[in-house]
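Notes follow the structure.
The values are calculated or read from the model by the stated rules, or taken from the named source; none is laboratory data. Computed from a predicted structure; not experimentally measured. Cβ placement follows ideal geometry from the backbone for every residue including glycine, while neighbour counts extend to all protein chains displayed. Protein only, heavy atoms only, side chains kept; ligands, DNA and RNA dropped before computing areas. Shrake-Rupley method; radii C 1.70, N 1.55, O 1.52, S 1.80 Å.
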2 protein chains.
Amino acid sequence: MDPRQLAVLRELGDRGSVTAVAAALFVTPSAVSQQLAALQRSTPVPLTERRGRTLVLTDAGRALAAAAADVATALARAERAVDEHLTDPRGTVRVAAFHSAAATLFPRLLQAGGDAVLELADQDVEQARFPALTADHDIVIAHRPDHSPPWPASTSVTPLLHEPLDVALPVGHPLAARADLSVADVADQPWIAVQSGYPLLGSLEAIAAAAGRPARIRHRINDFTVAAAVVAAGGGIALMPRYTAPVRPDVVLRPLRDLHVARRVDALVRPERALRSSVISTLGVVRDIARRLTDAADTAVTA
Amino acid sequence: MDPRQLAVLRELGDRGSVTAVAAALFVTPSAVSQQLAALQRSTPVPLTERRGRTLVLTDAGRALAAAAADVATALARAERAVDEHLTDPRGTVRVAAFHSAAATLFPRLLQAGGDAVLELADQDVEQARFPALTADHDIVIAHRPDHSPPWPASTSVTPLLHEPLDVALPVGHPLAARADLSVADVADQPWIAVQSGYPLLGSLEAIAAAAGRPARIRHRINDFTVAAAVVAAGGGIALMPRYTAPVRPDVVLRPLRDLHVARRVDALVRPERALRSSVISTLGVVRDIARRLTDAADTAVTA
DNA sequence: AACGTCCTTTTAGTATCACTTCATGGACCC
DNA sequence: GGGTCCATGAAGTGATACTAAAAGGACGTT
């Protein structure tokens with residue numbers, strides 16, 4: 001069953017003559033006649049009959065023409081299917097974020113609502129593997145240290161946070177009494193670092209480089225909540241992001257005075273996914289949440 | 001939007017690789033790849049993406065594939081549309097009959113029921129125009145005198161009645177006292193005939209030919225009910241069909257002894273219409289009604 | 001690290017098919 | 001009985017979907 005032949009048949013039902021159909025479809029009457037003949041070849045009963053000098057549909061022809069209308073509408077819907085997928089504000093948006101960002105952003109994202117249906121996932125992976133996550137998630141919230149190689153050009157990047165990394169100390173620690181710290185202060189401290197390949201490691205290496213000697217890495221803990229607990233227990237000091245670190249009464253953050261260490265938190269989206277309006281709006285919500293997060297923290301510091 | 005391309009896309013969603021799709025559709029992977037490329041050309045967003053060494057659908061591709069399923073079902077329905085039209089027992093059947101047959105058959109046909117939806121119409125036309133009525137009616141109940149040219153071969157003919165034509169006389173008429181009549185008895189009577197071209201005229205001409213002299217035609221009345229009333233009023237005698245003539249207490253029918261005049265009542269159906277099961281079953285009902293009509297009349301005569 | 005396998009894509013060539021043009025055959029109207 | 005309109009057939013042309021063959025990547029193995 002060829003949709004074009006069906007369309008010709010339907011048109012014949014509406015217009016009542018081969019010539020009129022030909023005019024409507026911008027072809028010659030001969031073409032229409034041949035299409036009808038081809039359609040007839042695949043049908044055991046006559047679909048058309050001559051009425052005077054014009055050609056009209058038989059009952060069977062009308063039955064088939066009615067089915068042809070359904071075919072045409074289904075095709076039209078297919079034509080629009082991609083566009084509707086792009087513009088549907090209630091579409092499903094899959095968001096992935098590394099642990100600490102997930103802990104901070106996901107609750108606020110769910111509260112902010114929006115029309116999109118959200119599928120959230122936490123994904124803590126090595127820095128190089130963040131872009132690959134965009135295969136399975138519409139929005140990937142990733143992080144990397146300042147001065148590390150930028151995300152590949154194949155992904156669309158939306159900056160969310162530019163977050164200083166402070167030194168986390170237990171409240172009783174001698175350095176905790178100071179307002180800020182220098183590289184020399186922390187260079188020889190026992191450190192709690194992250195697993196090899198994970199983003200914050202680069203920042204710690206920058207500190208070691210500035211100090212001129214390797215850092216004394218005691219533990220390797222990726223999860224900030226766990227790391228903070230180990231800091232509180234006196235297991236060492238650690239780098240922690242200023243805005244998204246877990247808040248504990250027995251751990252304080254102190255900025256580094258003489259070395260700029262910070263990380264960037266970005267939303268990675270494949271360019272084609274960024275065409276979906278539900279993705280765009282969700283991305284906007286995430287960006288707003290991040291902005292408020294920065295503002296609130298800066299206000300608190302200033303106050 | 002080409003349904004074949006859509007089918008390939010859908011198949012890719014189900015099977016997950018170009019090679020599998022090619023195997024399912026009995027073509028080479030190259031053909032599949034080219035069809036997908038062609039479909040992609042008409043779409044602004046990627047429909048497929050490489051996952052490892054196979055090709056999978058993107059979200060947009062899945063959206064389009066879902067629409068493609070609807071297209072496929074619509075096409076399948078179109079494929080079956082004609083067949084369903086043929087086999088639907090509840091289809092509409094349009095029946096036309098000349099006046100006297102309509103008066104006799106239509107009430108019985110409606111009572112007999114059947115699943116078909118009936119559209120009844122009375123059509124009294126000249127003999128030659130009965131076949132043309134099959135253009136507008138599925139079943140045309142027509143009549144013609146014996147020995148008249150048969151119906152054209154393009155129509156399928158179902159004999160319903162072979163009905164003798166008797167002479168209708170008013171009860172007080174001298175000839176009404178006899179059990180049967182001869183041509184000589186009636187040749188010189190004043191006749192009530194039908195309009196020129198209508199079937200029963202041929203039978204009256206046969207009587208005139210047998211008598212060797214033209215009939216004395218006083219009136220020309222097509223409707224038997226009207227003709228019977230005129231006979232009763234003494235306006236003349238008339239030929240009337242034995243089974244379907246209107247019954248009046250003041251009119252009697254007497255057979256002709258020495259000349260066989262009769263008419264055939266047939267159901268005319270176009271061969272392609274005779275494929276519809278609703279038409280077939282209705283035709284069967286009509287034939288049964290006609291058979292019972294003949295049996296009942298013959299029994300009454302014998303008794 | 002190199003190789004082989006599997007999958008996809010590209011290129012070139014071929015066959016099919018829908019179209020146009022031109023010509024023919026009915027049907028209707030004066 | 002021409003003249004007109006309509007539908008259809010034959011021949012030729014262009015687009016296109018296919019196959020075959022080769023090339024390019026990704027993965028697993030040795």
Seminar exercise, completed: To the nearest 20 debye, the protein assembly as shown has a Cα-centred charge dipole, built from +1 on Lys and Arg Cβ and -1 on Asp and Glu Cβ, of 540
Seminar exercise, completed: Computed for the range A:1-153: size of charge dipole around the Cα centre, +1 on C-beta of each Lys and Arg, -1 on C-beta of each Asp and Glu, debye to nearest 20, value 980
Exercise. Looking at B:214, B:281, B:171, which one has the Cα that reaches farthest to the positive end of the dipole of the range B:92-302 (charges on Cβ: Lys, Arg +1; Asp, Glu -1)?
Worked result: B:214
Seminar exercise, completed: Counting only DSSP beta bridges fully inside the range A:92-302, the antiparallel percentage to nearest 5 is 60
Exercise. Across peptide A:55-63, how many C-beta atoms of other chains are within 10 Å of each residue C-beta, on average?
Worked result: 4
Exercise. GNM, chain B, Cα, under 10 Å: largest mean-square fluctuation among B:113, B:197, B:16?
Worked result: B:16
Exercise. Measuring from a point 7 Å out along Cα→Cβ, what nm distances, shortest first, does residue B:178 have to its partners in the other copies?
Worked result: 14.7
Problem set entry | chain A - percent relative contact order, Cα under 8 Å, separation 6 or more | 21
Exercise. At a 1.4 Å probe radius, carbon and sulfur cover how many percent of the accessible area of chain B?
Worked result: 53
For this session: May I ask which residue of chain B has the beta-carbon nearest to the axis carrying chain B onto chain A, and at what distance in whole Å?
Result: B:74, 2
Exercise. Helix B:3-15 versus the longest principal axis of chain B: what is the Cα-based angle in degrees, 0 to 90, to the nearest 10?
Worked result: 50
Problem set entry | Listed residues B:100, B:281, B:154, most fluctuating in chain B (Gaussian network, C-alpha, under 10 Å) | B:154
Exercise. What 222 nm value per residue comes from the helices of chain A, counting each DSSP H run with n ≥ 4 as -39,500 (n - 2.57) and dividing by all residues, nearest 500 deg cm²/dmol?
Worked result: -14000 deg cm²/dmol
For this session: Work from the charge dipole of the range B:224-294 (Cβ charges, +1 for Lys and Arg, -1 for Asp and Glu, about the Cα centre) and give the residue of B:271, B:261, B:226 farthest towards its positive end.
Result: B:271
Seminar exercise, completed: Sorted shortest first, the nm distances from the residue B:234 label point (7 Å along Cα→Cβ) to its counterparts in the other copies are 14.4
For this session: Return one number: the angle in degrees, 0 to 90 and rounded to the nearest 10, between the long axis of the Cα atoms of helix A:200-211 and the longest principal axis of the Cα atoms of chain A.
Result: 40
Exercise. Could you give the angle, 0 to 90 degrees to the nearest 10, between helix A:29-41's Cα long axis and the longest principal axis of the Cα atoms of chain A?
Worked result: 80
Exercise. Semi-axes of the equivalent ellipsoid of the protein assembly as shown: what are they in whole Å, largest first, if each equals the square root of 5 times a C-alpha gyration tensor eigenvalue?
Worked result: 98, 23, 17
Problem set entry | Largest-first principal axis extents, alpha carbons of chain A, Å | 107, 35, 27
For this session: Could you give the size of the charge dipole of the range B:3-87 about its Cα centre, using +1 on the Cβ of each K and R and -1 on the Cβ of each D and E, expressed in debye and rounded to the nearest 20?
Result: 380
Problem set entry | Area accessible to solvent at residue A:192, 1.4 Å probe radius, in Å² | 10
For this session: For residue B:158, place a label point 7 Å out from Cα along the Cα→Cβ vector, do the same in each other copy, and report the separations in nm, one decimal, smallest first.
Result: 7.1
Exercise. Who wins for biggest fluctuation among B:276, B:41, B:220 in a Gaussian network model of chain B, springs between alpha carbons below 10 Å?
Worked result: B:41
For this session: Pull up the DSSP beta bridges for the protein assembly as shown and report the antiparallel fraction as a percent, rounded to 5.
Result: 60
